[in-house]
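Every number here is computed from the coordinates shown, using simple stated rules; none is lab data. Quick caveat, the model's predicted, so the values are computed rather than measured. Reconstructed Cβ throughout: ideal geometry from the backbone, glycine too, with neighbour counts over all protein chains shown.
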Amino acid sequence: MSGLANEHDAINLSQGFPDFNPDERLTKLVTEGMRKGFNQYAPMPGMMELREVIADKTYELYGIDYSAPDEVTVVPGATYGIFAAISSVIKEDDEVILFEPAYDCYVPAIELNGGKPIRVELKFPNFNIDWAEVAKLITFRTKMIIINTPHNPSGCVLGPEDLKQLAKLVHGSDIIILSDEVYEHIIFDNTRHESVAYYPELAERSFIVSSFGKTYHTTGWKMGYVLAPRNLTRELRKVHQFLAFSTSSPMQYAYAKMLKNPKTYNGLPQFYQEKRDYFAELVRGSRFELLPCSGSYFQLLKYDKISDEGDEDFAKRLTIEHKIASIPISVFYRNKTDNNVLRFCFAKSNETLEKAAEILCTI
């Protein structure tokens, strides 16, 4: 859709990236790192200073003590971290339970490693999980369950009861959890981000993947990290060592300095909630129906009062004819479940949101 947007000179609210620059302090720190000589390979698991700051931040936020040397790994992007985590534990015929609509990197990673994706549909329109349905799908082959909160593409979040149900489900088993928490700081309405790190019985069996790109508006830098207990981290690093080996040294230097100040991420919920609310207010007079958005930087709009076209066709027509690009939600399902819903990214300047809303209100 980004390619189609570029081709037709459309406003791009499809792919999830900000159209504004990161904090100047961060870019200055990258330059500072280069000038100080941080231009060669970083240690394979990441610079120790950065890993220590990540461990400290995680303890302050979630009350869990990860060992910087043995349980924190800096990786070139969260998608990479997800692939490495899956590759480190999934073998042929292992089953992996995941929830659809699902971010598109999960299934390919599972299948490339010989595993079998077991899909559970979130219940539309609130995208909640039926845990009784999940329980019926667990077999002796179930090796992993993947969760994602705040959720892409729906913008829903898991609550305490969800995490308790998950803990109950895997109790006494060897099932591993992969928790995609890249939007951990982009959560709204004073809701607590329910990280698996809050739950010791889950944390001891979980990979937690997070993203510097989402937190610091630097998605193009492709930097993230993975938290996991020693036994899982050991397996993850076996993959990481021969996949990328290490990540950008000057960027690690910069993030380490930046992350020491909690103000650089504590303000994100308010920052993005203001953008969510502003975009919602701008399109409220349109014929689109706003679905609830509790986290991430995506707003779903239902268009069944406008057209009965399939969401892929409608999204393409909006891009070509109306010059505004979105993502059809059906592409996040194996069976192309189509609820006449499009995903719009509001991680944009107010000027971009105003131009986009002006178009949407004419449709």
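Brief remarks follow.
- Sites count as exposed loop sites when they are chymotrypsin sites (Phe, Trp or Tyr not before Pro), lie in a DSSP loop, and have at most 14 other Cβ atoms within 10 angstrom; the longest stretch of the chain without one is 246-363.
- Charged side chains reduced to their Cβ positions (Lys and Arg at +1, Asp and Glu at -1) give the chain a dipole of some 740 debye around its Cα centre.
- Each eigenvalue of the Cα gyration tensor of region 176-246, multiplied by 5 and square-rooted, gives one semi-axis; in descending order these are 22, 19, 6 Å.
- Of the residues Ser67, Ala135, Pro43, the one whose Cα sits farthest towards the positive end of the charge dipole of region 40-261 is Pro43 (charges of +1 on Lys and Arg Cβ, -1 on Asp and Glu Cβ, taken about the Cα centre).
- Tensor-based shape of the chain (alpha-carbon gyration tensor, a/c under 1.5 rounded, otherwise prolate or oblate): oblate
- Of all DSSP beta bridges in the chain, antiparallel share, percent nearest 5: 50 percent
- Computed from the Cβ-Cβ distance with R0 of 51 Å, the FRET efficiency linking Glu201 to Asp23 stands at 0.85.
- Nitroxide proxy distance, nm - points 7 Å out along Cα→Cβ at Glu321 and Arg141: 4.5 nm
- When both region 313-363 and region 1-15 are represented by their alpha-carbon centers, they are found 10 Å apart.
- Take the Cα of Tyr278, step 7 Å toward its Cβ, do the same at Arg334, and the gap between the two points is 4.1 nm.
- Electrostatic dipole magnitude of region 224-363 [Cβ: Lys, Arg +1; Asp, Glu -1; Cα centre; debye, to 20]: 960 debye
- For a label point 7 Å along the Cα-to-beta-carbon line of Cys105, residues of region 42-79 with backbone N under 16 Å: 73-79
- Förster radius 30 Å - calculated FRET efficiency between Arg192 and Ala132, Cβ distance, rounded to 0.05: 0.75
- Helix-only CD estimate at 222 nm, as mean residue ellipticity for the chain, using -39500 (n - 2.57) per DSSP H run (n ≥ 4): -11500 deg cm²/dmol
- Projecting the Cα atoms of Ala244, Gln165, Pro229 onto the dipole axis of region 40-261, where Lys and Arg carry +1 and Asp and Glu carry -1 at the beta carbon, places Ala244 farthest toward the positive end.
- Region 237-306: Cα Rg divided by the 2.2 N^0.38 Å rule of thumb: 1.76
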